[in-house]
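Asker: Following this message is one structure expressed as structure tokens.
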Amino acid sequence: METVIVRFDLHIDTERLKSYYQGVARNIQVRAHDGRLVRFPANAVRRYITRDGVHGVFELEFDDRNHRLVALRKLP
């Protein structure tokens with residue numbers, strides 16, 4: 001399995017996070033540093049939620065063949 005890694009900035013405040021928890025929005029769509037538009041399941045960011053929301057630079061790894069999420073990591 002070959003994977004692709006995409007980096008992006010993510011800034012979601014707590015008010016906007018509510019739409020993900022209420023099921024209104026299931027996916028997060030971001031513009032990667034290389035210009036690609038990437039969409040992934042909103043539940044992937046759960047472990048990175050703080051009182052202020054989700055903020056930082058992230059690295060998304062996905063299966064190049066099936067376009068399935070392999071990992072989401074927050075970079076230091």
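Asker: On the basis of being out of contact with any Lys or Arg (no Cβ under 9 Å at 6 or more places or on another chain), surrounded by fewer than 12 Cβ atoms within 10 Å (Cβ to Cβ) and touching a residue at least 24 places away in the same chain (Cβ under 8 Å), does R16 make the cut?
Answerer: Judged against the criteria, R16 is not a match.
Asker: Residues of segment 64-76 being out of contact with any helix residue (DSSP H, G or I) (no Cβ under 8 Å at 6 or more places or on another chain) and modelled with pLDDT of 95 or more, which ones?
Answerer: Listed by number, the residues that qualify are V70, A71, R73, L75.
Asker: Name the residues in segment 7-38 that are basic (K, R) and modelled with pLDDT under 95, would you?
Answerer: R16, K18, R26
Asker: Show the residue pairs that are 6+ apart or on different chains and have beta-carbon atoms under 7 Å apart, the first residue being within segment 44-65 and over 20 Å from T3 (Cβ atoms) and free of Cβ contacts under 8 Å to residues at least 60 places away in the same chain, the second being among the acidic types (D, E) and loosely packed, with under 15 Cβ neighbours inside 10 Å.
Answerer: As it stands, the answer is G53/D13, since those pairs meet every condition given.
The values are calculated or read from the model by the stated rules, or taken from the named source; none is laboratory data. Just so it is clear, the model here is predicted, and its values are computed rather than measured. We place every Cβ from the backbone using ideal geometry, glycine too, and count neighbours over all the protein chains shown.
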